[in-house]
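Asks: Here it is, the structure in full.
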Amino acid sequence: MSEETLAKSVLCVGCTVIDFVTITGSYPKEDTDRRCLDGFWQRGGNASNVCTVLGVLGSKVDFFGMLSTSDAFRVLLEDLKRRNIGTSHCPHTDKDPPFSSVILAQDTGTRTIIHCNKNYPQVSWEDFKKIDLLRYGWVHFEARNVAETSRMMASIVEHNRVSGERIIISLDFETLYEQNLQLCYPCDYVVFSKELASQRGWKSPRETCESLAADLSLQGTRTPPVIICPWGSAGAVCLDASGNYHELPPYKPQQVVDTLGAGDSFMAGFIYAAHKHKRDLAEAVDFANRVASHKITEFGYDHIGELSLT
Ligand SMILES: OC[C@H]1O[C@](O)(CO)[C@@H](O)[C@@H]1O
């Protein structure tokens, strides 16, 4: 990878939503009426959180997703601006933005997310094709909206072929296995969620990597992507196209305060280490573990800026 490519920005494609976060001592009993200990709301959404953490770590990053012109969304736009997260390519809608109701239970450290989307419009390939890809060295996608996302990925593959540049493609794969599987093929890196693994009946991170690799090899002709599988408090593993498998042990957090967005922080830590600092696969996954573990020691994401990779 050339120095020039390394200096280029990261583009994260996906959604930004409002997270209404409620902090409780324990998870509430159904059909009870109680007070919470505290609460706040903040900008959330997978790609949007990855942007936040990349920015906090010191990467140049742009967001590409549907922005809302509704009043409720204004604070999110201001937050993106304040953090220098570029949004110039984003289309707008007057629809109300998606939101998530989140419960952080202090005794168990769990975060429970109920997401409300109401068919909010998503970005299309027509919007994406207006982007000057020469500005980017890495494009990260959420696994959603398969038809449009496939075309966006194909544009990048074509850009790489014609320009001789090498934009890296990564995918955050956390829902709808059968529908989204095809999005893995053009990718360099696929980060596969533990929750989706358990829905598939895959019991360990190794079984997850091997099962996904086997499913991909059934159809793929291109070099298969590197598969990375974060496994909560057990750390993370990765499997590359040559069959090299690494297990990276977890970092034990000093305290568990806020686990919301730990997976997105892992993703950002990986991209930051691999793209900006050119770390090899195992080192980048190790740093991602460090970021995820540090994320949960405080609310929000700003404290992640204390970490460095030198
Ligand atoms: O699914 C969307 C939800 O997931 C998160 O990105 C955390 O990973 C939240 O910020 C958002 O509400």
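Asks: Please find, among 137, 65, the residue that is open to solvent by less than 20 Å² (accessible area, probe 1.4 Å) and within 16 Å of the ligand (Cβ to nearest atom).
Replies: Exactly one of 137, 65 is open to solvent by less than 20 Å² (accessible area, probe 1.4 Å) and within 16 Å of the ligand (Cβ to nearest atom), namely 65.
Asks: May I pose another question? So in the stretch 238-249, with the set limited to residues that are open to solvent by less than 60 Å² (accessible area, probe 1.4 Å) and without any contact (Cβ under 8 Å) to a residue 40 or more places away in the chain, which one is nearest to residue 187 (Cα to Cα)?
Replies: Of the residues in the stretch 238-249, the ones open to solvent by less than 60 Å² (accessible area, probe 1.4 Å) are 238-241, 243, 245, 248.
So of that shortlist, the ones also without any contact (Cβ under 8 Å) to a residue 40 or more places away in the chain come out as 239, 241, 243, 245.
Numbers: 239: 14, 241: 12, 243: 17, 245: 18 Å.
It comes out as 241.
Asks: Would it be correct to say that residue 73 is among the aromatic types (Phe, Trp, Tyr), surrounded by 15 or more Cβ atoms within 10 Å (Cβ to Cβ) and away from the ligand (no atom under 12 Å from the Cβ)? Break it down into steps so the answer makes sense when it comes.
Replies: Values: among the aromatic types (Phe, Trp, Tyr): yes; surrounded by 15 or more Cβ atoms within 10 Å (Cβ to Cβ): yes; away from the ligand (no atom under 12 Å from the Cβ): yes.
In short, yes.
Asks: Would you confirm whether or not the stretch 76-96 contains a residue that is farther than 16 Å from residue 302 by Cα, in contact with a strand residue (DSSP E or B) (Cβ under 7 Å, 6 or more places away or on another chain), within 14 Å of the ligand (Cβ to nearest atom) and small (Gly, Ala, Ser)?
Replies: Looking for residues that are farther than 16 Å from residue 302 by Cα, in contact with a strand residue (DSSP E or B) (Cβ under 7 Å, 6 or more places away or on another chain), within 14 Å of the ligand (Cβ to nearest atom) and small (Gly, Ala, Ser), one finds none in the stretch 76-96, hence no.
Rundown of residues vs (1) open to solvent by 10 Å² or more (accessible area, probe 1.4 Å); (2) touching a strand residue (DSSP E or B) at 6+ places or on another chain (Cβ under 7 Å); (3) among the aromatic types (Phe, Trp, Tyr), yes/no style:
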| site | (1), (2), (3) |
| --- | --- |
| 251 | yes, no, yes |
| 266 | no, yes, yes |
| 272 | yes, no, yes |
| 303 | yes, no, no |
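Asks: Looking at 6, 54, can you tell me which residue is at pLDDT 95 or above and either within 16 Å of the ligand (Cβ to nearest atom) or surrounded by fewer than 17 Cβ atoms within 10 Å (Cβ to Cβ) (or both)?
Replies: Values: 6 fails: at pLDDT 95 or above.
From the options 6, 54, the qualifying one is 54.
Asks: Within the stretch 90-110, track down each residue that is in contact (Cβ under 8 Å) with a residue 60 or more places away in the chain and either small (Gly, Ala, Ser) or buried (at least 17 other Cβ atoms within 10 Å of the Cβ) (or both).
Replies: 97, 98, 99, 100, 101, 102, 103, 104, 105, 109
Asks: If you don't mind, there's one more thing I want to ask. Checking the condition of a type in the set (Lys, Arg) and under 17 Å from residue 141 (Cα atoms), which residue from 81, 60 passes?
Replies: Sole residue among the options that is of a type in the set (Lys, Arg) and under 17 Å from residue 141 (Cα atoms): 60.
Asks: Hey, does the stretch 160-169 have a residue that's hydrophobic (A, V, I, L, M, F, W, C), open to solvent by less than 20 Å² (accessible area, probe 1.4 Å), in contact (Cβ under 8 Å) with a residue 24 or more places away in the chain and more than 17 Å from residue 139 (Cα to Cα)?
Replies: No: the stretch 160-169 contains no residue that is hydrophobic (A, V, I, L, M, F, W, C), open to solvent by less than 20 Å² (accessible area, probe 1.4 Å), in contact (Cβ under 8 Å) with a residue 24 or more places away in the chain and more than 17 Å from residue 139 (Cα to Cα).
Asks: Within the group 156, 131, which residue is under 21 Å from residue 270 (Cβ atoms) and more than 16 Å from the ligand (Cβ to nearest atom)?
Replies: 156
Asks: Looking at 222, 206, which is the one that is open to solvent by 70 Å² or more (accessible area, probe 1.4 Å) and farther than 19 Å from residue 181 by Cβ? Let's see the steps before the verdict.
Replies: On the way: 222 fails: farther than 19 Å from residue 181 by Cβ.
The match here is 206.
Asks: Now for a separate question. If I ask for residues that are outside any loop (DSSP other than H, G, I, E, B), in contact with a Phe, Trp or Tyr (Cβ under 6 Å, 6 or more places away or on another chain) and hydroxyl-bearing (Ser, Thr, Tyr), which ones from the stretch 68-113 would you list?
Replies: First, pick out the residues of the stretch 68-113 that are outside any loop (DSSP other than H, G, I, E, B): 68, 71-82, 86, 92-93, 99-105, 110-113.
Restricting the remaining residues to those that are in contact with a Phe, Trp or Tyr (Cβ under 6 Å, 6 or more places away or on another chain) gives 101, 105.
If the condition is that a residue be outside any loop (DSSP other than H, G, I, E, B), in contact with a Phe, Trp or Tyr (Cβ under 6 Å, 6 or more places away or on another chain) and hydroxyl-bearing (Ser, Thr, Tyr), then 101 is the only one that fits.
Asks: Which helices (runs of 4 or more DSSP H) does the stretch 136-247 wholly contain that include 3 or more residues that are among the hydrophobic types (A, V, I, L, M, F, W, C)?
Replies: 146-163, 205-217
Asks: If you don't mind, another one. Take the residues of the stretch 170-200 that are among the charged types (D, E, K, R) and in contact (Cβ under 8 Å) with a residue 60 or more places away in the chain: which is most open to solvent (accessible area, probe 1.4 Å)?
Replies: 174
The values are calculated or read from the model by the stated rules, or taken from the named source; none is laboratory data. Model, not experiment: these values are computed from the prediction. Backbone-built Cβ (ideal geometry, glycine too); neighbour counts: all protein chains shown. For accessibility, only protein heavy atoms count, side chains too; no ligands or nucleic acids. Shrake-Rupley method; radii C 1.70, N 1.55, O 1.52, S 1.80 Å.
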